[in-house]
Amino acid sequence: MRRSVRISSSIGALLLAWRSQVTAAAVFIALTMLPITAYAHGALQRSSPADGGQLSEAPRELRLAFTEEVEIALAQLVLTGPEGAVALSPLALAPDSATVLVAAIHGRLVSGTYRVEWQMTGADGHPVRGEYSFDIAPNATGLGTLVATNPPPQVDDPATAPNTAQPSDGSGSGATLWIILAGIVGVVGVVAFKLASSLGVTE
């Protein structure tokens, strides 16, 4: 009888110890997995241009691929180069993937180092930020040039403006004078004729 009690007590102790070990192992696994769950946010997977890229052709767009789908309304991209911020088109998702963020480059590009600052927000609502850079070679193709603006109309200074009027030879004014004189002579002749005629009738 005592022997049976001892065996039962030993089995109970073994089961208790085994249960404690299983519980401890479960707690350890849970604690190990907890940081992974808490910090598993979206991250930049690849980009074009690539981080540290040396480009022989000026890029026309930025394309960033993330590890999870991007909330486009909360995404941000800033491109800065040797001349300051470069204008980008409104952000959009790639037609074939909700994890790829795309922005066309509208601003002028010159040779030098460019920095891309990005922000993405995944389904968990937690924003993640980062940055990378690339270089455009001095002899790269597709580098932009300043667009010339239309200059304001030039107003000539009357004092310095060239005289484009045609010189007058006096022929026009002379002809007019002769016409006036002929008219006067005609009027005087008519008056004299009438006066002479009236005097002749009276005599």
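The values are calculated or read from the model by the stated rules, or taken from the named source; none is laboratory data. Bear in mind that the values here come from a model prediction, so they are computed numbers and not experimental data. Counting neighbours? That spans all protein chains shown, and the Cβs are built from the backbone with ideal geometry, glycine included.
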Within the set of pairs 6+ apart or on separate chains, which have a first residue in region 106-127 that is within 13 Å of L88 (Cα to Cα), a second that is modelled with pLDDT under 90 and assigned to a loop (DSSP other than H, G, I, E, B), and C-beta atoms under 9 Å apart? G107/G144; R108/G144; R108/T145; R108/L146; R108/V147; L109/G144
Please list, ordered by residue number, the strands (runs of 3 or more DSSP E) wholly in region 61-111 having 2 or more residues that are assigned by TED's automatic domain parsing to the domain that holds P49 and either of a type outside the set (A, V, I, L, M) or in contact with a Pro (Cβ under 7 Å, 6 or more places away or on another chain) (or both). 61-66, 76-81, 97-104
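Conditions (1) part of a loop (DSSP other than H, G, I, E, B); (2) hydroxyl-bearing (S, T, Y); (3) at pLDDT below 95, marked per residue:
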{"residue": "T23", "(1), (2), (3)": "no, yes, yes"}
{"residue": "F28", "(1), (2), (3)": "no, no, yes"}
{"residue": "T37", "(1), (2), (3)": "no, yes, yes"}
{"residue": "H41", "(1), (2), (3)": "yes, no, yes"}
{"residue": "Q45", "(1), (2), (3)": "no, no, no"}
{"residue": "G52", "(1), (2), (3)": "yes, no, no"}
{"residue": "P59", "(1), (2), (3)": "yes, no, no"}
Sort out which residues of region 114-141 are within 15 Å of L62 (Cα to Cα) and either outside the structural domain of V78 (by TED's automatic domain parsing) or in contact with a Ser or Thr (Cβ under 8 Å, 6 or more places away or on another chain) (or both), and write them in order of number. Y114, R115, V116, E117, Y132, S133, F134, D135, I136
